[in-house]
Structures are given as C-alpha cells and as structure tokens.
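Colleague: A single structure is presented below for examination.
The values are calculated or read from the model by the stated rules, or taken from the named source; none is laboratory data. Keep in mind it's a predicted model, so treat the numbers as computed, not measured. Positions of Cβ are generated from backbone atoms using ideal geometry, with glycine treated the same way; all protein chains shown enter the neighbour counts.
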Amino acid sequence: MIALAMFIGLISFVGMIIFLILGIVGAIRKSKNTKRNFIITGVCFVLFIAALSLGGDSSETDQAESPITETEENDEVEQEEPTEKEAVPDVEKEEEPVKEEPEQPKEEVKEEPQLTVSQQNAIRHAENYISTMPFSKTGLIEQLEYEGYSTEDATYAVDHIDVDWREQAVKHAKNYNDTMPMSRQGLIDQLMFEGHSQEDATYAADQIGL
C-alpha cells in the first residue's frame, strides 16, 4: 500500500511540475491551452496530497500492527518456555547415578630400620669369623658376646649373614675327624656341644662316613 501511494505521489508531483511549467509558459505566450494546463496542475497537486496522506496512514497502521505482532510472539515464547522447563526434571531423573569405585588401599612401603654402629660392626665381625672357621649358630652368638657385643646385637648380626648351618656342621666334623679320632656317637655329641642341632650333627657324621 505504501509503495502504491509513493508511486502515485511521484507521478502526481512530476505531472504537477510539468503542467505548471507549461501553464506559466502558455500564460506568457497567451496560449489557448494555458487554462487547461493549470487545471491539470491542480489535479496533480490534489493527487500528490492524497498520495502523501495515504502513505502516512499506511505507516501509522503498520506501526500500530507491529506491537501486536511482537506481543503475540512474546506470548508464544512464554508459552513454550514452561514446556522446556518441565522437560528438564525428566532428563535429570533419567540420569543414572555415577558409581564411585572404591579406592584401593595403598601398599605401605616398609622402611628398613637403620643399623646402629654396633650392629654394623657385629655383622662384619660375624662374617670374618665364619670365613675363617666353622661355627654353629649359637656358638657364633656366644663368640660375639665374648668379644663384647650385647646379646641383641650378636643375635641380630648372626641372623643377618648368609650361612648354611648344616654345611658348617659338616666342616666342623671334618676338622674334628682330622685332628683326633672319634666314634660316630662321640662326634655327634661333640658337635651338639658346639651348638649344632642333633639333626645337623647326625647329617655331618653321615657326610664324613662315620
């Protein structure tokens, strides 16, 4: 509607200018068509004014309709929002709870106790003795105690050296057999006196052929 009004207004304005000029020229020249030209100019002027009025009314009508449209759109948005809000709780209900995995117990790292100077010396002393002559376990502990170590340090040292006590009994039996003749039972008794167990003493006697 606005486009039509603008088109009519433009044609009317152009026609009004043209016929106004023709009317003025005709008046100067005293032409017979002068009156007609002024009449047409007046008609064009009226059409131009009417087109302007029509265009103004159309603009006001569009402006009046626009708020109604925006209001309707806002109403539609407001009507849709509750639907979306209502759907949210359903989604939350459908979510499965996350299962927490139980924490695995951490392995405790056992720190080795620091040795005292006395324990370190007792270990070295025990290794020196066992490398030079055979000993039973109890015999070596007693020897370290004789050297001045406490029973705790002597026992700790003997427990922390790498020794095959049965092999020590065999070496002990060979030494006795090389230095003095003994019966089988006499050798077993002597080895037990030195601190070897009866089982190790019997094993040693068997190994040297008694």
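Colleague: Modelled with pLDDT of 90 or more and closer than 20 Å to residue 204 by Cβ - does that describe any residue in the stretch 152-160? Explain how you work it out, then say what you get.
Modeller: So the first thing to find is which residues in the stretch 152-160 are modelled with pLDDT of 90 or more, and the list is 152-160.
This time we only want the ones that are closer than 20 Å to residue 204 by Cβ, so: 158.
Yes, the stretch 152-160 has at least one match.
Colleague: Go through the stretch 128-159 and give me each residue that's over 17 Å from residue 196 (Cα atoms) and surrounded by fewer than 14 Cβ atoms within 10 Å (Cβ to Cβ). Lay out the reasoning, then the answer.
Modeller: Keep residues of the stretch 128-159 that are over 17 Å from residue 196 (Cα atoms), which gives 128, 131-132, 145-154, 156-157.
Answer for the stretch 128-159, where residues must be over 17 Å from residue 196 (Cα atoms) and surrounded by fewer than 14 Cβ atoms within 10 Å (Cβ to Cβ): 128, 131, 132, 146, 147, 148, 150, 151, 152.
Colleague: Look at residue 122 and say whether it is closer than 27 Å to residue 202 by Cα and not assigned by TED's automatic domain parsing to the domain that holds residue 194. Spell out how you get there, then give the answer.
Modeller: Numbers: closer than 27 Å to residue 202 by Cα: no; not assigned by TED's automatic domain parsing to the domain that holds residue 194: yes.
The answer is no for residue 122.
Colleague: Next question, about the same structure. Just need a number here: residues in the stretch 172-199 that are on the phi < 0 side of the Ramachandran plot and crowded, with 16+ Cβ neighbours inside 10 Å. Spell out how you get there, then give the answer.
Modeller: Filtering the stretch 172-199 for residues on the phi < 0 side of the Ramachandran plot gives 172-194, 196-199.
The next check asks that each one be crowded, with 16+ Cβ neighbours inside 10 Å; those that pass are 172-173, 176-177, 182, 187-188, 190-192, 194, 196-197.
Count: 13.
Colleague: While we're here: Checking residue 167 against (1) under 12 Å from residue 204 (Cβ atoms); (2) touching a residue at least 12 places away in the same chain (Cβ under 8 Å); (3) in a helix (DSSP H, G or I): exactly one of these is not met. Which one?
Modeller: (2)
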